[in-house]
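Remarks on the structure that follows.
The values are calculated or read from the model by the stated rules, or taken from the named source; none is laboratory data. In this text the structure is predicted, and so the values were computed from the model without any measurement. Cβ placement follows ideal geometry from the backbone for every residue including glycine, while neighbour counts extend to all protein chains displayed.
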Amino acid sequence: MKHDLILRVGVKLLLPFMLLFALYVQFHGDFGPGGGFQAGVIAAAMVILYAVIWGVPAARRVVPMGLVERMIPAGVLIYAGTGVMGLALGGNYLDYFVLLHDPAHGQEWGIFAVEAGVFVTVSGTMTAIFYTFAERER
Amino acid sequence: MTAHLPALQVVVPLVAALLCALLRRSALAWGLTLAASWATAAMAALLLLRVLAEGTISYHIGSWEPPWGIEYRIDVLNGLVLLLVAAVGAAIAPYARRSVAAEIAEEKQVWFYTMYLLCLTGLLGIVITGDAFNVFVFMEISSLATYVLIALGRDRRALLSAYQYLIMGTIGATFYVIGIGFLYTMTGTLNIADMAARIGEVQSTRTVLAGTAFLTVGICLKLALFPLHVWLPNAYAYAPSVATAFLAATATKVAIYLLIRIYFSIFGAAFAFEALPITEVFVVLSLAAILGASTVAAFQRNVKRMLAYSSVGQIGYITLGIGLASQLGLTGGIVHIVNHALMKGALFLAMGAVAYRIGSVRLDDMAGIGRRMPLTMASFVVAGLSLIGSPGTVGFVSKWYLALAALERGWWWLVAAILLGSVIALVYIGRVVEAAYFRAPAAAAATATEAPLSLLVPTWVLTAACVWFGIDTELTVGIAARAAAFLLGAGP
Amino acid sequence: MPALDVVIAHFNHWITVVLMVAGLYVVVARGNMVKKLVGLGVFQTSVYLLYISPGKIFGGTAPIIDPRFTVYSNPLPHVLILTAIVVGVATLALGLALVVRINEAYGSIEEDEIFGKPDEDGDGGGESSGVGSR
């Protein structure tokens, strides 16, 4: 579809806003609907849209499969690492109260770190699923 | 750090799985698997010792007080199951390297170890958690990993088996969630201990009864109780040898543990077995499994498939013990969870060694293998005798307790059925022994040599355990009796 | 018409029941492996509704503490179902991946065709043993 001028220009305009919206959903999760799952899917949708227009090989040059496959465990590792931080700082596993001096702040940052991990894993997983299915027939 | 053992029990294999996926080196992945399996086994042993000495352990994830937060709760029963799962994992880990290298393509080995560790994580999580919904999450972690493990088998039918198990397993897990949803709407809690405390007032409502039905069917799908077992034989027959041995020894046992937990810890023996006809249902279905599935096993030509059908039959013995719901019956059932895991683990590992050498576990190809691989087949014979239930092995111990429990109720016919089940086991194990020792060697078996040490040692460790715990029953029966007393509300 | 009122008052449960049974029926009755997965998805979706709908409290707002409100809806079912949705997506993705591989290995995704020609070695593993595979 990369020969269609309107699609190409339109999608080019759309992509940065999709990423921005993903980040908005990610960071606004404290105050409204949102969080790592939704943001991760939106971010992956950006990659998928790019791949639909310019083809999967082009998308794999921008976001290589090796990176995507490592994002999946890396995100979960961020989550598990946050839990272990709680252990290291003298609390129970996944204890956010002890992360900072103020327990409420600790909760905020703990959730922030976990959601960041969720974002990495979910966007990686969604992109990986797309790549795997899209590449199969070639 | 000992205070955090309950959390580390699940976190260590989880992190090891993530590192495997991140590092992508199969030798390194095996090393991580070995280290993580042994560490979890050590932690499970420490936890069980602490439970035996000090009583129930409660660990609050994230320092949120139960029933609001997720609680990890370890008592005698799940301490024992935890140690069983971790110990089997530890025994199989050294075996994995050569067997996996022979059966799975180089680039997929990392994923095998990742999924193996995730499966271990999920199974340990189901056992250790005290939160009913958390059980579902861990159940799906272990199940999804299991589907991948099965699909990694060499035969193309492995894909079909994995697909069928995926459909049935998902239905089972979803039924479990529906059941928990009903209980949650009636009690307003997901913590198992809290649920048990609150369920009294609403116990006989239609919602709770419907929830019980959903939970029973869902979990029985997972544990392969007789008419719901159709996913199991193909899944075990075509999965890689290491996966089969691990799953046969642990996955169904964990589901059985969950069933015991729900019946006895949430509903209580009085409600589940006196107000509802669960005893009748379980005794009938268990008998059908013991006699029916074992008979089907006797007609199989692929030994892994034969052992898989035999698993369905052996699970019948465990559910029989649960159905009898007496001190003796429950002791027998819980002991058989451990014993069956040991002997099926040993049998499948022996078959894995045969598959490693001759590339097949079909009876025709195995003819005469007993003389070429004497140590492997000797292990098969000893574990097979245990499966039959000959005295001096673990199989005898559990059947003894089940027979006593049946006599306690005056059910002579049940004792006869248990003995008949042993006779059928004698037939199918006998077929393998006949082929392996008394037939002229087949082409594949004629040139085979004894399996390497890294395969033999784990096989013999489990085989030796079959004999050891058949003679010294202090550990298994002692703890199982305590767990049974605890579940029936009599013990500490 | 009190009976009708009961039906209307519990309309969310009726939708749950219809979705649940329809999904399960598709899983059992269809031989096409993709359709089975779709049925499984519908079946799982019914559970989401089963959990979410009792969490709504009439007059309750989103559970974010604010001095203007005193009644909040129960947030726990949403969290549980978010997890269940993720599990459902993972199951669907894995199921579809398996179907792709089955299609490559057998050249078909119809259970009738696959089970119609069992593998040669006579193990019997190719026989139908799945849910409603006949």
Among the candidates A:ALA39, A:ALA58, single out the residue that is hydrophobic (A, V, I, L, M, F, W, C) and under 30 Å from C:PRO63 (Cβ atoms). A:ALA39
Kindly indicate which of B:ALA417, B:ALA383, B:ALA451 is more than 14 Å from every other protein chain (Cβ to nearest Cβ), farther than 30 Å from B:GLY333 by Cβ and not polar (S, T, N, Q). B:ALA451
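Residues checked against (1) touching a Gly at 6+ places or on another chain (Cβ under 9 Å); (2) surrounded by 24 or more Cβ atoms within 10 Å (Cβ to Cβ):
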residue	(1), (2)
B:TYR113	no, yes
B:ASP155	yes, no
B:ILE199	yes, no
B:GLN203	yes, no
B:VAL208	no, no
B:LEU215	yes, yes
Consider only pairs whose beta carbons are under 7 Å apart and that are at least six residues apart or on different chains; among these, list those whose first residue lies in region B:457-480 and is small (Gly, Ala, Ser) and whose second residue is surrounded by fewer than 24 Cβ atoms within 10 Å (Cβ to Cβ). B:GLY470/B:GLY392; B:GLY470/B:PHE396
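Going by the conditions given, is B:ALA248 among the hydrophobic types (A, V, I, L, M, F, W, C), under 22 Å from B:VAL135 (Cα atoms) and crowded, with 24+ Cβ neighbours inside 10 Å?
The answer is yes for B:ALA248.
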Restricting attention to region B:357-372, does a residue exist that is over 17 Å from the mean Cα position of the chain (by Cα) and within 18 Å of B:TRP468 (Cβ to Cβ)? no
Regarding region B:8-28, can at least one residue be identified that is closer than 30 Å to B:LEU475 by Cα, at pLDDT below 95, in contact with a strand residue (DSSP E or B) (Cβ under 7 Å, 6 or more places away or on another chain) and in the same structural domain as B:ALA245 (by TED's automatic domain parsing)? no
All but one of (1) within 22 Å of the chain's Cα centre (by Cα); (2) more than 24 Å from B:LEU287 (Cβ to Cβ); (3) at pLDDT below 90; (4) hydroxyl-bearing (Ser, Thr, Tyr) hold for B:THR447; state the number of the condition that does not hold. (1)
Would you please name the residue that is farthest from A:GLU69 (Cα to Cα), looking only at residues in region B:16-75 that are of a type in the set (Asp, Glu) and surrounded by fewer than 17 Cβ atoms within 10 Å (Cβ to Cβ)? B:GLU54
On the basis of being more than 10 Å from chain C (Cβ to nearest Cβ), in contact with a strand residue (DSSP E or B) (Cβ under 8 Å, 6 or more places away or on another chain) and of a type in the set (Gly, Ala, Ser), does B:GLY130 make the cut? yes
Can you pull out every residue in region B:294-327 that is more than 14 Å from every other protein chain (Cβ to nearest Cβ) and over 15 Å from B:ILE260 (Cβ atoms)? B:SER294, B:THR295, B:SER310, B:SER311, B:GLY313, B:GLN314, B:GLY316
Identify, from the list B:LEU407, B:LEU455, the residue that is assigned by TED's automatic domain parsing to the domain that holds B:ILE315 and either surrounded by 15 or more Cβ atoms within 10 Å (Cβ to Cβ) or part of a loop (DSSP other than H, G, I, E, B) (or both). B:LEU455
Name the helices (runs of 4 or more DSSP H) wholly within region A:36-138 that hold at least 3 residues that are surrounded by 22 or more Cβ atoms within 10 Å (Cβ to Cβ) and within 13 Å of chain B (Cβ to nearest Cβ)? A:65-88, A:103-135
When you look at C:PHE58, is it hydrophobic (A, V, I, L, M, F, W, C), touching a strand residue (DSSP E or B) at 6+ places or on another chain (Cβ under 6 Å) and surrounded by fewer than 18 Cβ atoms within 10 Å (Cβ to Cβ), yes or no? no
Looking at (1) more than 19 Å from B:GLY122 (Cα to Cα); (2) free of Cβ contacts under 8 Å to residues at least 24 places away in the same chain; (3) within 9 Å of another protein chain (Cβ to nearest Cβ), can you tell me which one B:HIS60 breaks? (1)
Boolean, B:PHE348 is aromatic (Phe, Trp, Tyr) and more than 19 Å from the chain's Cα centre (by Cα): no
Matching residues, region C:73-112, being within 30 Å of A:PRO33 (Cα to Cα), more than 10 Å from chain B (Cβ to nearest Cβ) and not in a helix (DSSP H, G or I): C:SER73, C:PRO75
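Taking B:ALA162, is it within 11 Å of chain C (Cβ to nearest Cβ) and part of a helix (DSSP H, G or I)? Explain how you work it out, then say what you get.
Working: within 11 Å of chain C (Cβ to nearest Cβ): yes; part of a helix (DSSP H, G or I): yes.
Yes, satisfied.
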Please specify each residue of region A:83-138 satisfying the condition of being without any contact (Cβ under 8 Å) to a residue 12 or more places away in the chain and on the phi > 0 side of the Ramachandran plot. A:GLY90
